Amino acid sequence: MQVNTEPTSLTGAATRPGGGRPDGRAQAASSDADKALALRRMKLLSLSLLIVMAVIFIVAFALQKQYPWFEYVRAAAEGGMVGALADWFAVTALFKYPMGIKIPHTAIIPRRKDQIGASLGEFVETNFLSEQVVQEKLASADIARKAGTWLSSPGGPDRVAKEGAAVIRGAFKVLNDDDVQAVIESMVRKHLLTPPWGPPVGRIAERIFDDGHHHALVDMLVDRAVDWVRDNQATVNRLVTDRSPTWVPSFVDGLVGDKVYVEILKFTRAVQSDQHHQVRVSIDKYLKDLAQDLQHDPVMIARAEGIKAQVLGDPEVRELASRTWGTIKSALLTAVDDPHSELSVKFKAAVHDFGTRLVVDPELAGKVNAWIGDAAGYLVRTYRSDIAGVITDTVARWDAEETSQKIELQVGKDLQFIRINGTVVGALAGLAIFTVANLLFG
């Protein structure tokens with residue numbers, strides 16, 4: 001049974017502003033008009049049967065002495081009138097006071113509207129918003145496989161990408177750039193600037209140095225040093241000459257420069273060829289000590305904080321937040337506007353692949369169905385009272401008389417059959433009772 005919460009005219013058809021097809025309210029009004037017409041016809045038919053029974057009763061009563069068999073007709077008509085009147089009273093008492101007389105236990109729906117709403121809400125909560133019922137229904141529906149079939153269909157990924165692009169564009173229109181940048185800036189300050197850099201950097205460096213990953217960098221630096229010394233003998237000689245006393249002959253400077261150059265070249269090549277050279281050992285020890293100091297030495301930790309403050313001051317953080325948001329926004333808008341962009345193509349491929357896996361992988365489909373069932377169960381378990389409360393609260397807001405009219409409009413046609421059946425059954429019962437009594441006592 002469906003009852004609108006707002007009054008609906010039974011005549012006329014509402015249309016959308018500016019013309020066009022009728023909206024849902026207009027269609028509801030048209031449907032209500034048809035139901036009202038059917039209800040009036042059924043009421044007229046029920047009343048007509050009562051009148052027919054009354055006419056038959058009068059005629060039979062007048063002729064029963066002259067024609068004794070009219071007594072049976074009179075009994076049938078009498079029973080039919082009683083049945084028709086009794087059922088008219090019962091049906092009418094549901095929706096209003098019969099003939100306006102406030103008889104006890106009548107006008108049930110207008111008087112007990114709120115209780116009916118509460119009972120209906122409790123019934124829905126108990127029988128429909130049950131966690132077990134919802135999970136069993138979802139399990140039988142196999143949502144994951146159906147969703148996978150649609151996602152892997154030719155138009156599925158395109159539709160998901162199109163709707164997703166619309167959501168992203170709408171979100172960017174709603175979001176204020178300054179607010180987003182403020183959020184990014186606060187996150188940078190909270191997660192990047194507020195925590196001290198020294199200990200985490202020291203821990204990362206310690207793992208790197210313990211695993212020897214820095215050796216490749218040391219090798220590269222040593223190789224570059226050997227190459228530079230090998231290719232810059234003239235520079236070494238000039239440095240020796242520039243630092244030599246003026247009274248030393250130039251040929252002596254040349255000999256000394258050559259000797260220094262050879263020793264430097266031999267030294268760098270020795271470092272290059274010997275992985276256990278003292279220089280390499282010293283570098284390893286220095287780096288490991290540095291990693292420990294960054295974690296435990298207050299002076300070194302303070303120096304790391306000073307470097308952090310110099311690198312990421314307030315202007316730099318604001319500029320970083322602005323650039324980050326601008327880059328993300330521009331990249332996403334460009335990607336979603338172009339259906340052939342790399343992001344769009346990969347997203348569609350991922351959607352199609354996921355849909356295919358849902359269809360062909362029973363284990364994955366089972367997991368997804370289980371997640372859906374658990375989520376639905378949690379929602380029902382947590383909010384079932386609130387959901388059912390919508391029914392109770394909505395019914396409580398309805399006008400009692402209007403509610404009665406609307407319910408009668410929805411089910412009144414079927415209830416009029418009760419009056420018709422009551423007339424027929426009453427007539428048969430009256431005839432049977434009179435016949436049995438006549439046979440036993442006549």
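Built from the Cα atoms of segment 86-154, the convex hull projects on average onto 8.8 nm², one quarter of its surface area. Between helix 342-360 and the chain, what is the angle of the helix's C-alpha long axis to the longest principal axis, kept within 0 to 90° and rounded to the nearest 10? The two axes meet at around 60 degrees. Which entries of LYS43/LYS406; LYS137/LYS348; LYS113/LYS406 have Cα-Cα distances beyond 22 Å here? Cα-Cα > 22 Å for LYS137/LYS348; rest within. Ranked by solvent-accessible area (1.4 Å probe, protein heavy atoms only, all chains present), the residues GLU136, GLU185 order from largest to smallest as GLU136, GLU185.
Over segment 205-357, the pair-distance histogram of Cα-Cα distances with 10 Å bins from zero comes to 9, 17, 16, 19, 20, 11, 5, 2, 0 percent, rounded to whole numbers. Would you list which aspartates and glutamates come within 20 Å of LYS173, measuring only between C-alpha atoms, while excluding same-chain residues fewer than 8 positions from it? LYS173 reaches GLU163, ASP337, ASP338. Listed cross-link partners LYS96/LYS413; LYS146/LYS367; LYS146/LYS346 are compared with a 18 Å cut-off, the Cα-Cα value being larger for LYS146/LYS346. By the helix-only formula, in which each DSSP H run with n ≥ 4 contributes -39500 (n - 2.57) and the sum is divided by residues, the chain has a 222 nm mean residue ellipticity of -27500 deg cm²/dmol. Computed in the context of the full set of protein chains, the accessible area of segment 98-232 at 1.4 Å probe radius has 62% of its extent on carbon or sulfur.
Bridgeable lysines around LYS308 (alpha carbons under 17 Å apart, same-chain partners fewer than 8 residues away excluded): LYS190.
P(r) tail, segment 368-423: Cα-Cα pairs separated by more than 17 Å, 64% of all pairs. Accessible surface computed residue by residue for the chain, with neighbouring protein chains in place and a 1.4 Å probe, gives 65 Å² per residue.
On a 0 to 90° scale, report how tilted helix 233-243 is relative to the longest principal axis of the chain, with both axes built from alpha carbons and the result rounded to the nearest 10. That helix lies at roughly 60 degrees to the long axis.
Test of understanding: extend the Cα→C-beta vector of THR356 to 7 Å, then name every residue of segment 137-152 with backbone N under 20 Å from that spot. Once the point is set 7 Å along Cα→Cβ of THR356, 144-152 turn out to lie under 20 Å by backbone N, inside segment 137-152. Once the chain from VAL174 to ILE58 is taken as fully extended at 0.36 nm per residue, the excess over their C-alpha distance is 33.9 nm. Ignoring ligands, DNA and RNA, what percent of the 1.4 Å accessible area of segment 277-425 is carbon and sulfur? Reported share for carbon and sulfur atoms: 62 percent. Once the C-beta distance of LEU343 and LYS266 is scaled by a Förster radius of 41 Å, the resulting FRET efficiency is 0.15 to the nearest 0.05. Compared with the dominant principal axis of the Cα atoms in the chain, helix 278-296 is inclined by about 40°. Consider a paramagnetic label point 7 Å from the Cα of ARG230 along Cα→Cβ; state which residues of segment 267-287 have an amide N under 11 Å from it. Backbone N within reach: 269. Measuring max minus min along each principal axis, the C-alpha atoms of segment 22-101 give extents of 65, 26, 15 Å (largest first). Residues of segment 145-170 with amide nitrogen under 14 Å from the 7 Å Cα-to-Cβ point of LEU364? Flagged as within label range: 145-153.
Summarising the overall dimensions of segment 58-116 from its C-alpha atoms, the Rg and Dmax are 17.8, 58 angstrom. Using a probe of 1.4 Å on the protein chains alone, the accessible area found for THR327 is around 90 Å².
Within segment 38-183, the proportion of Cα pairs with more than 25 Å between them is 69 percent. Placing +1 on the Cβ of every Lys and Arg and -1 on the Cβ of every Asp and Glu, with no other charges, gives the chain a dipole of roughly 1880 debye about its Cα centre. Histogrammed with a bin width of 10 Å, the alpha carbon distances of the chain distribute as 4, 9, 10, 13, 14, 11, 8, 7, 6, 5, 4, 3, 2, 1, 1, 0, 0, 0 percent, first bin at zero.
Ligands, DNA and RNA excluded, the heavy atoms of GLU316 present near 70 Å² of accessible surface to a 1.4 Å solvent probe. Approximating the spin labels as points 7 Å out from Cα along Cα→Cβ, the HIS191-to-GLN132 distance works out to 4.4 nm. Values of log10 I(q)/I(0) for segment 302-403 across q = 0.10, 0.24 Å⁻¹ run -0.79, -1.17, by the Debye formula with one identical scatterer at each alpha carbon and no solvent. Stretched out straight at 0.36 nm per residue, the stretch from LEU320 to TYR72 would grow longer than its current Cα-Cα span by 79.1 nm.
The values are calculated or read from the model by the stated rules, or taken from the named source; none is laboratory data. The structure presented is a predicted model; accordingly, all values stated were derived computationally and were not measured. Don't worry about glycine lacking a Cβ; one is built from the backbone with ideal geometry, like all the others, and counts go over all protein chains shown. Only protein heavy atoms, including side chains, enter the accessible area calculation; ligands, DNA and RNA are left aside. Shrake-Rupley method; radii C 1.70, N 1.55, O 1.52, S 1.80 Å.
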